[in-house]
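Notes for the one structure printed next.
The values are calculated or read from the model by the stated rules, or taken from the named source; none is laboratory data. Predicted model, so just to flag it, every value in this text is computed and none were measured. When we count neighbours, we look across all protein chains shown, and the Cβ atoms used for this are built from the backbone with ideal geometry, even at glycine. Just the protein is used for accessible areas: all its heavy atoms, side chains included, with ligands, DNA and RNA removed. Shrake-Rupley method; radii C 1.70, N 1.55, O 1.52, S 1.80 Å.
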Amino acid sequence: MFLRLIRPAASLLVLMTALLGIAYPVVITGAAAALFPRAAGGSLIYGRTGTLVGSALIGQRFSEPKYFWGRPSATTPQPYNGLGSTGSNLGPLNPALLAEVGANVSALRDADPGNRMPIPVGLVTSSASGLDPEISPADARFQAERVARARKLRLSTVEALIAAHRRGRLLGLFGEPRINVLELNLALDRLH
Amino acid sequence: MHPGVLFALMLSAFLGLVLLVVKPLGTYIADVMEGRPNFVLRAGAPIERLVYRLSGVDAGEEMPWARYAIALVLFNVLGAVVVYALQRLQGHLPLNPQQFAAVSPDSSFNTAVSFATNTNWQAYSGETTMGYLVQMAGLAVQNFLSAATGICVAIAMIRGFTRHGAAAIGNFWVDLTRSTLYVLLPLSAVLALVLVSQGVIQNFAPYRQATTVEARTQTLPMGPVASQESIKELGTNGGGFFNANSAHPYENPTPLSNLLEMLAIVAIPFALTYTFGRMVGDTRQGWVLLAAMLILFVPLVVTAYHFEQRGNPLIAARGIDQRAGPAQAGGNMEGKETRFGIAASALFAAATTATSCGAVNSMHDSMTPLGGFVPLFLIELGELAPGGVGTGLYTMLMFAILGVFIAGLMIGRTPEYLGKKIEALEMKLASVFILTTPFLVLAGTAVAVATAAGRAGAANPGAHGFSEILYAFSSAANNNGSAFAGLAANSVFYNVSTGLAMFLGRYWPIVASLAVAGSLAAKKRIPVTDGTMPTHGALFVSLLIGSVLLIGVLTYVPALALGPVVEHFMLAAAK
């Protein structure tokens, strides 16, 4: 019985591998390239000189006061490492988590000593992917004064730009309001 | 709007969408698996015939349960061997633009078993380990075939109830081919393209080098992601193309992609209850299973949401704003993505563990103690609310058999279900089925915490570290694949031990299910009398839920008390 089953098992596996493992992804790749070329290629963003600046979907590290900063990233060896997507995986009681939060608080306060607003949770906790491209409107509002000051812009100008980049929930129900950090920062640079 | 109300509306809308899908999809699956002529079967017939001819399959052959089981295990083992070989030979294979080297033997073994068993436990990090050919021809192929295997077992088990005095339960090759060609492949193709429209990547390009706005270098990973992402959810597989899985923006970039992925995870498992009802000729029998699944599922989703939205008191104590409002999701955002916030992360975490999926859009390891208890407990209940593709239905049917047996004991009558007498053999097999995974979970966890090699894996101190280990064996033995991912699982100890747990946790229950199917198919149908307990009403639903909770709670309460429960009280006291 065993030998009689080997042939169908092996041939079906070969056929299915050719169909599901080669033909299927190749056809989908072709269709995706025809229908949604930008998305299929990674939603890439190029600079004026044609250099690749990044992807609208992959967060990148910002540390200068004149830019909005994204969520803390737990990737190693550096934050926002595109080759090492990961969260911190720190449990809620882990002293290392509280040390991280403390360090993030200090960095935000040092960069903007006059800011008396409470810090929104998104700016001190690491994202799941380490590559979160977005921040909440509260995260953006908290940083608006710092960015306006560093760029000698009116606060209302920066706030208007935040509002213009805000994306809402799907059908008012699914997902969360959010702002793409890279797109917002590129729009800021374009103001000058 | 109050965040809790918003969550309730979101959950209701999600469940409403699920219920819309159940009947049409369940009907369609029943039709193609029974070979009832329809447009799709006619269109696919030439391809099907070609497949059978090339493989030497006699489509008319009916297999007794033992041959069905041997064919299934043989096919799955061969599949695992191919995945192992592809990883070991990776350095010599094409479509590997990053030139990744061969994967280590223990990691290759673990991954091969993991994908063949529909677990998709991942000790490796996809973007730095697997070339495109291994992802496509190895891992994604098993995503299809392991899910098809689950459908086969579920359909064979249903035939146990629909056939009378029969010696056979179907033809494994035909069931496998049909569930792949007519159910999984078309759904995956459509979903893949919709996901690309949202930003999920699909290409064969080498990784890109970007120079960021602040002039740093960033590497952007590439690959044929969408084609794998769609079957990863639809087949309740869960193995991410990238390490961060469905939290990675290239796997799950928008609220819409997230909604579709969650729907894809639960669609086939819920629809199979309708397939069941339709095939046994009484759709109420399917709806009661679905009702029991929802009654188990909904309170646990709400629990996860509640504790995650409350946030971490230790972080609140530092003056951090964790309140939900129009400008932020608030709550425990450690290990969560901005676009998903708390609500969509909690629902995803529950959906992925109530099935055998194991994809994650947030890091379960960083959930609050009782928030993280939910995915762990859903896995330990045996993944039946609604469970994995196929596995959910046959697991629920085993509990139905246990339920009518307990009811039979209480009223002193021979238990029966759907016109079939439940006798000693079925009860022995159901017991083997139900006790296999708890044994693997608890023994595996005990060995791990008793040995230095096991303890070395825990990343978090104290009770949480214990939870990481308990979660690992729960996930492996129940073929889920999600993790408290801080656990350093890519060691020889964990690769081998979880590999064995995945293998035994998959095939023991499958063989037991097929044996039950064979035994039931051989029996005569007994007529319904006044003394027959109805199995299509509220009483049966409570009996079913009671059996599930009785086994799940009694088995796991001591272990859960040492993990999430202790941690919860420590967190409450730590302020």
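Show the residue pairs meeting these rules: Cβ distance below 8 Å; 6+ apart or different chains; first residue within region A:167-188 and at the interface with chain B (Cβ under 8 Å from one of its Cβ atoms); second residue in a loop (DSSP other than H, G, I, E, B) and of a type in the set (S, T, N, Q). Filtered contacts from region A:167-188: A:Leu170/B:Thr254; A:Gly175/B:Thr254; A:Glu176/A:Ser136; A:Glu176/B:Thr338; A:Pro177/A:Ser136; A:Arg178/A:Ser136; A:Arg178/B:Thr338; A:Leu182/A:Gln60. In region B:306-325 there is at least one residue that is at negative phi, more than 14 Å from chain A (Cβ to nearest Cβ) and open to solvent by 20 Å² or more (accessible area, probe 1.4 Å). Once region A:59-71 is narrowed to residues that are crowded, with 23+ Cβ neighbours inside 10 Å and facing chain B (nearest Cβ under 10 Å), the residue that is farthest from the chain's Cα centre (by Cα) is A:Tyr67. Only one residue in A:Ser85, A:Ser73 is under 30 Å from B:Val81 (Cβ atoms), assigned to a loop (DSSP other than H, G, I, E, B) and in the same structural domain as A:Val158 (by TED's automatic domain parsing), so which one is that? Only one candidate qualifies: A:Ser85. The criterion of being under 16 Å from the mean Cα position of the chain (by Cα), free of Cβ contacts under 8 Å to residues at least 40 places away in the same chain and at negative phi holds for B:Phe473. Considering every residue within region A:56-64, establish whether at least one is of a type in the set (Lys, Arg), touching a residue at least 24 places away in the same chain (Cβ under 8 Å) and either in contact with a Ser or Thr (Cβ under 6 Å, 6 or more places away or on another chain) or over 27 Å from B:Val141 (Cβ atoms) (or both). Checking region A:56-64: not a single residue is of a type in the set (Lys, Arg), touching a residue at least 24 places away in the same chain (Cβ under 8 Å) and either in contact with a Ser or Thr (Cβ under 6 Å, 6 or more places away or on another chain) or over 27 Å from B:Val141 (Cβ atoms) (or both).
For region B:213-234, a residue qualifies if it is facing another protein chain (nearest Cβ under 7 Å) and either open to solvent by 10 Å² or more (accessible area, probe 1.4 Å) or aliphatic (A, V, I, L, M) (or both), and the qualifying residues are B:Val213, B:Glu214, B:Arg216, B:Thr219, B:Leu220, B:Met222, B:Ala226. B:Ile379 falls short on exactly one of the conditions (1) away from every other protein chain (no Cβ under 14 Å); (2) closer than 22 Å to B:Asn460 by Cα; (3) among the β-branched types (Val, Ile, Thr); (4) open to solvent by 10 Å² or more (accessible area, probe 1.4 Å), and that condition is (4). Out of all the residues in region B:33-49, is one or more assigned to a helix (DSSP H, G or I), in contact (Cβ under 8 Å) with a residue 40 or more places away in the chain, open to solvent by less than 40 Å² (accessible area, probe 1.4 Å) and within 14 Å of another protein chain (Cβ to nearest Cβ)? So far as region B:33-49 goes, yes, one or more of its residues are assigned to a helix (DSSP H, G or I), in contact (Cβ under 8 Å) with a residue 40 or more places away in the chain, open to solvent by less than 40 Å² (accessible area, probe 1.4 Å) and within 14 Å of another protein chain (Cβ to nearest Cβ). Number of residues in region B:84-112 that are among the aliphatic types (A, V, I, L, M) and farther than 20 Å from B:Phe204 by Cα: the value is 3. Just wondering, is there one or more residues in region B:9-20 that are out of contact with any strand residue (DSSP E or B) (no Cβ under 9 Å at 6 or more places or on another chain), more than 14 Å from chain A (Cβ to nearest Cβ), assigned to a helix (DSSP H, G or I) and surrounded by fewer than 17 Cβ atoms within 10 Å (Cβ to Cβ)? Yes, the conditions are met somewhere in region B:9-20. Filter region A:88-101 down to residues that are in a helix (DSSP H, G or I) and either open to solvent by less than 20 Å² (accessible area, probe 1.4 Å) or in contact (Cβ under 8 Å) with a residue 12 or more places away in the chain (or both) and give me whichever is farthest from the other protein chains (Cβ to nearest Cβ). Across region A:88-101, the extreme among qualifying residues is A:Glu100.
Considering region B:265-289 alone, what residues qualify as being open to solvent by less than 10 Å² (accessible area, probe 1.4 Å) and within 17 Å of the chain's Cα centre (by Cα)? B:Ile265, B:Val266, B:Ile268, B:Pro269, B:Phe270, B:Ala271, B:Leu272, B:Thr273, listed by residue number.
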